[in-house]
Amino acid sequence: AAFHSSTGTSYIPAQTQESGLAAKITTYSQRVATNPQDVNAWITLGNLYFDTHQPAKSIEAYSRALELNPDNPNVWTDMGVMHRSLGEFQKALDAFAKAIAVNPAHETARMNTGVVLLHDLGDKDGAIRAWQELLGINPQAVNANGTPIADMLREMTAAGDGGAKKLLAPVRPAG
C-alpha cells in the first residue's frame, strides 16, 4: 500500500540526493549534539533519516523530539511509519493513536492506522472502522494513490477480502 507521510517529502533517488542528504544529516547531528533541546533540529534529523530509509535512527530522533514536545501529531505519525517499516506494527499503531489523541482530526494517522490493521495485522474490520472514522472527519478523503476512501470501503464491504487486496495491495520492493 502506498503509505502516507506527514513530512510532505517523497523518496528521493539515492544517487541524485544522497550526498546532499548525508551532509544535512551531519549538520543536524552536530546541531543536536550542541543543543539537545532543539526540538526542530531533532524533527529535521528524523525526517532526513526517514527520507534516507534509516528507520531506527529516524525513530530515535523523533523520540527525542517528542520528549521535548509530545504534542506534535506529525512527528508521532512519521514515527509510526518508521515503526511499520521495521515490522513493529503495534508500536506503529500506538504512535498513530498518540497522533490522533493530540489531534483527533489527523487524517494521515487515521489512514495509516487502517493500512497497518489491514495489511500487517489482517484486521479488516478494524481497518474499516478506522477509515469510517476518517470519513467522518473528511468525507472526501483519499488514499495515497488518490482512491476515495468511500469507494474503497464500498468495495471492501461488497467484495469481501478480495476487494481490500485489490485496492490496497502492499507495495513490494523489486527484486
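The values are calculated or read from the model by the stated rules, or taken from the named source; none is laboratory data. What you are looking at is a predicted structure, and each value in this text was computed from that prediction instead of being measured. Counting neighbours? That spans all protein chains shown, and the Cβs are built from the backbone with ideal geometry, glycine included. These accessible areas exclude ligands, DNA and RNA; they are computed on the full protein's heavy atoms, side chains included. Shrake-Rupley method; radii C 1.70, N 1.55, O 1.52, S 1.80 Å.
Compute the FRET efficiency between Glu67 and Ala150 as 1/(1 + (r/R0)^6), taking r as their Cβ-Cβ distance and R0 = 45 Å, and round to the nearest 0.05.
The value I calculate is 0.75.
Under a Cβ-only charge scheme (Lys and Arg +1, Asp and Glu -1), can you give me the dipole magnitude of the stretch 19-152 about the Cα centre, in debye to the nearest 20?
In total the dipole reaches around 240 debye.
Taking Lys91 as the anchor, which aspartates and glutamates have their alpha carbon closer than 15 Å to its alpha carbon, excluding any fewer than eight residues away along the same chain?
Glu60, Asp78, Asp120
Kindly identify the stretch 16-139 as rounded, prolate or oblate by the Cα gyration tensor criterion: order the square roots of the eigenvalues as a ≥ b ≥ c, call it rounded if a/c is under 1.5, otherwise compare a/b with b/c, prolate if a/b is larger, else oblate.
Since a/c reaches 1.5 and a/b is larger than b/c, the shape of the stretch 16-139 is classed as prolate.
Kindly report, to the nearest 10 Å², the accessible surface of His53 as traced by a 1.4 Å probe over protein heavy atoms only.
110
Quick one: ranking Tyr28, Tyr62 by accessible area, 1.4 Å probe, largest first, what do you get?
Per-residue accessible area, sorted high to low, gives Tyr28, Tyr62.
To the nearest 10 square angstrom, what accessible area does Ser29 show with a 1.4 Å probe?
So the heavy atoms of Ser29 present about 40 Å² to solvent.
With a ≥ b ≥ c the root eigenvalues of the C-alpha gyration tensor of the stretch 84-130, is it rounded (a/c under 1.5), prolate (a/b larger than b/c) or oblate?
It is oblate, given that a/c is not under 1.5 and a/b is not larger than b/c.
So, with a 1.4 angstrom probe, what is the percent of accessible area on the stretch 14-75 that is carbon and sulfur?
Using a 1.4 Å probe with all protein chains present, the stretch 14-75 comes out at 48 percent carbon and sulfur.
Packing-wise, with mean Cβ within 10 Å as the measure, how do 68-74, 97-103 rank, highest first?
Highest mean packing first, the order is 97-103, 68-74.
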